[in-house]
Amino acid sequence: MSTSTVFCPSCGDEYVAGSQVCGDCRVALVAERPAALDEPEASGGIPEGYVELGAWPPLATVTLMRRLTDAGVNVSALWSAPGNGLSALAVPDGQLEFADAVLRELPIEDELPQGTQQDYLDRVEARLTEIAVLLDEMRQLGDDSFGASDPYGA
């Protein structure tokens, strides 16, 4: 192993020493290629007991991996070769339904920059307006349902 190279621990891409972050995965590079990347996995790259959740461009894949991990879902990425398009995510079969719900809670477009800065701000403003309406509905339900039935007498 040459000391003039570093590797992405997620996709295995090789970089010149001194590079800090994988251009596709946006994760810190390491000095040694992870051994797990050298071992072929069963079922076309999907680990045993996992099912494919979908495929996205690399930046979206990393963002969704983070979202799933934050929600407590185990996730495996099946990285495409650089420049080949989409990378897939796989989750344990028993977590598929929950993982799908986590991915649907917020459109990926709301997390990734697209178009101009104004386009992004318009999307955020529209989402905040939707949330404000939902909060008003929830507050109204709260006002109607807590009053007399409050066990603490507040």
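The values are calculated or read from the model by the stated rules, or taken from the named source; none is laboratory data. Since the model is a prediction, treat every value here as computed from it, not as a measurement. When we count neighbours, we look across all protein chains shown, and the Cβ atoms used for this are built from the backbone with ideal geometry, even at glycine.
Quick notes on this structure:
- Any hit, the range 66-75, residues being surrounded by fewer than 16 Cβ atoms within 10 Å (Cβ to Cβ) and under 16 Å from CYS8 (Cβ atoms): yes
- Exclusive hit being outside the structural domain of VAL27 (by TED's automatic domain parsing), of a type in the set (A, V, I, L, M) and modelled with pLDDT of 75 or more, set ALA126, ALA81: ALA126
- The lone criterion from (1) exposed (fewer than 10 other Cβ atoms within 10 Å of the Cβ); (2) modelled with pLDDT of 65 or more left unmet by PRO107 is number (1).
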